[in-house]
1. Between B:GLU120 and B:LYS399, with labels modelled 7 Å along Cα→Cβ, what's the label distance in nm to one decimal, could you check?
2. Quick one: pull the percentage of alpha-carbon pairs in the protein assembly as shown with a separation above 57 Å.
3. On a C-alpha basis, how far is the centre of segment B:380-438 from the centre of segment B:44-123 in Å? Whole number, if you could?
4. Note the full-extension length gain between A:VAL224 and A:HIS237 as 0.36 nm times their separation in residues minus their Cα-Cα distance, in nm to one decimal.
5. Of all alpha-carbon pairs in segment B:1-132, indicate the percentage at a distance above 27 angstrom.
6. Just to be sure I follow the rule: in segment B:109-214, considering lysines 8 or more places apart or on different chains, how many pairs have Cα atoms under 23 Å apart?
7. Mind giving me the nanometre distance, one decimal, between the label points for B:ASP99 and B:ASP390, set 7 Å out from Cα along Cα→Cβ?
8. Note down the relative contact order for chain A as a percent, whole number, built from C-alpha pairs under 8 angstrom at least six residues apart.
Amino acid sequence: MADFNFKVSLFGFMDMLKFKKIVPLRREKLAGGENTPLTGTFPINKMAEYLHPKHQTLTVKEIRDYPGAGAKGYVLEGESLAPFRAGQYLPVELEIGGSVLHRAYTLCSDPADAAKGRYELGIKRTEDGFASAWILDNWKPGDQITVAGPEGQCYYEPLRDEAYVVGIAGGSGITPLLSMARAIAAGTEDFDLTILYGCRREEQIMFREELEAAAAATERVKVVYILSDEERPGYEHGFITAALIEKYAPKASYSVFMCGPEAMYRFVGGECEKLGLDKKHVRCEAVPAPASPEGLRGYTGDVSGEYTLTLRLPGEERRVPMKGGESVLAAIERAGIRANTKCRAGECGFCRAKLLSGEYFAPEAFDHRRAADAAHGYIHPCSTYPLSDMTLLLWAE
Amino acid sequence: MTAKYDAVVIGAGNGGLTAAATLAKAGKKVLVLEQHNTPGGFASSFVRGRFEFEPSLHELCDFGTEEHPGDVRRLFDELGVKLDWCPVPDAFRTILINDPDVKDYTMPFGTKAFVDKMEEYVPGSRPSMEKFISLCEDLDRATAYMSAASGNVDPKVMQREHANFLKCAPYPVSVVLDALKMPKAAQKILGSYWCYIGVDLERLSFFFYAIMVYKYLIGGACVPAQRSHSISVALTDRILELGGEIWCSTKAEKILMKDGRPYAVRTAKGDIETRHVICCCSPHAVFGDMMDAADVPEVQRRDTNAREFGMRGFVAYVGLNRSPEELGLKDYSYFIYNSMDTADECRRVGAFETNDVQATICLNIANPHCSPAGTTTMSFTTFFNSDVWDSVKPEDYVKTKRAVAAHMFEVFAEQTGVDIRPYIEEIEIATPATLARYTLNPKGVMYAYAGNEWDSLLARLMMLSEDVKVPGIRFAGAYGPRFYGFSSTYVCGELIGKLTMADMKEDK
């Protein structure tokens, strides 16, 4: 109080009485509440659960074979399915032997079909794709599968993207663009889309009928096939170059959406740069981190290394074997532990774990960690490869 | 039954983490349960493309400087939480779309600079502004006394030494500013921060508002260099170092009660034995969804039903492919309102059509390295005080959130002359449903229970003890006694951690 020599006279002695009433007034208000049941779950909370369910159960309804592409299309049905935006993926959970695997497959159906209880996936047998091979060999009509809610940012957003989109697909990367084409045909999306679909040979084209149905339904969707390994009339031949993009792109500004293997992103990305397209105008669907770190830029580890991964899980500790030639997530999943993973591309951060000891390699192309996480030793196991024994604090489900 | 803990904290939000750190530092065995996969609650971040966005923190108040530390700096120092901070340059810029008295003004931090600037905008405001500052000093001293007395406030001391506090504390902002004979235009400028509390100035406690403004003016504000996620990471790491445990992706499903107090918390990973539960989540969820109705006393049910939910949050985040200089952005914080008739503003934020409120941040102004060179990150925040989002059908959800965001960008362009729309490289839009998804807050509120005139900060603090109606259950964070906002919830966590230790001692 010593330095206090300024007084403000504001109110009279009535204020003191009012002050004394603060507590009785609140007491009275609180006591006057209803004696009805309580809940913290309101309509908007239910909406959040509906939009982003932790799990959904689907039944395999129909399977379409694309033998030339080494792929199959799956129609899946379920009740009150979460809506999605064309271009998003579905995290699929697989239990194979004692392992729990998660894979992200892009939805290729019209988003409006979700409200009718229907999703569609296109899955291609990939070289290191243990899971995709298992699905192609095992899923049959009537099977029940578990998926999470739709995720991913490879969707069209008019506040960000140009009204004209050039969609560039390689192989099974056609799925998000098919979903967009169907959404435009159905009137649920409002943009023009020209798809440049690159395959090696004609027989490898997936979803041709469905793509052409969408293109027939609306003038806003066009499909151009580009074959790299054969020349056929009615098809473009070669790679998807700047000249080819320019040939089909509009004069006005446009956005490019790329969906395919990483090698295609590198090549077509370079072509886009030649066209003066900046980051805003080129969007890529997330690519899964490779199964093995071998050949990744900056990798100096030993893929034949045999390590021990110690996992501090809620309430327990486990030690599991881990190989130098696989991601940390692969070791976790082989042990049957659910690590919350969704994208497998280092992007979504759901599998985030804290490194307590050990050395690792996080390839730059798949390192989308938050700055503070990278600085404080948090990793995304799906895109991290071991260089030694490791101990992780993992918040598994 | 798995292990036994001295305390279990439900929710790893700001209050939960500081409560846990406080307990762990005192050697208590503590476990934090968090339903989401990452600790932090609102204090987090997310990456889109080459941008890492700040989801919620606009400016951390009450941090102060090394010479004059605020409560939060002192708390973080005591807990051993170390971070890099960036000072926020100016207090705020406020633009009123349709106000007859004032239009566009930028106010600095520092009491003298603030009063001088006010005199410039509103000639003749100086005497009332000086009285206001002096009154704030009184309130600050009274608060310090009350905090030190921790519940044992001597009414004689209050009447003798803190009379001004007793006189103005029961009144709302507008009444006290009128009594200070502050010109209307100056009141409007001074009231700009109202949206940080989300209660109109005719219902908002003067005491609470004045203390907040005062802390901003004397201590300035800052933001962490690596988004508020870095605060959560630092607190998490510290809790672990101190021997505490955190289980994410683990929802507290049920609080098991015996003889009127908790004995365990049920999770999918087993029942966790404890006699003390600190909830950093809503009483609605705790007493409604986590406890058997028979275990909830009637008085608690009435108490919880009487509370009024605060504002539901909405934020549009954009990463822009131009620098702030190229865009012409000079200010860090923009409050845009239709007018400073805040009661009318509160009516207008009840509906999509009339909501023009935005609190917009250009993070690069305070933290130039928060995004790559040649880019800018911004967040456009508004709120809703009604259940208007309930009426949105799932098929219209994306369209609706896009329209709300687009309207904010348009208003911002009209009012500041800076049109960001051609430069959007990344965008993410969070609605009340998004906040509900990540934080499980009822109705997607960002401001917990509204701090209206009867449920004010002062009233809550004065009823600190009697608000515990179920022994062994206390609330930290935004639903706790210290209100919402970053600094309040951190300080609240410490308070609740200490009170819980006192409970343990007395076996309450």
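1. Between B:GLU120 and B:LYS399, the label points sit 4.8 nm apart.
2. Result: 12 percent of Cα pairs exceed 57 Å.
3. Their Cα centres are 23 Å away from one another.
4. 3.6 nm
5. The proportion of pairs with Cα distances above 27 Å equals 46 percent.
6. Close lysine pairs found across segment B:109-214: 16.
7. 3.3 nm
8. Relative contact order comes out at 13 percent.
Any read-out appearing in this document is the output of simple, stated calculations on the displayed coordinates, not a laboratory observation. Only a predicted model underlies this, so the values are computations on that prediction, with no experimental measurement involved. Cβ sites come from the backbone with ideal geometry, for glycine too, and all protein chains shown count toward neighbours.
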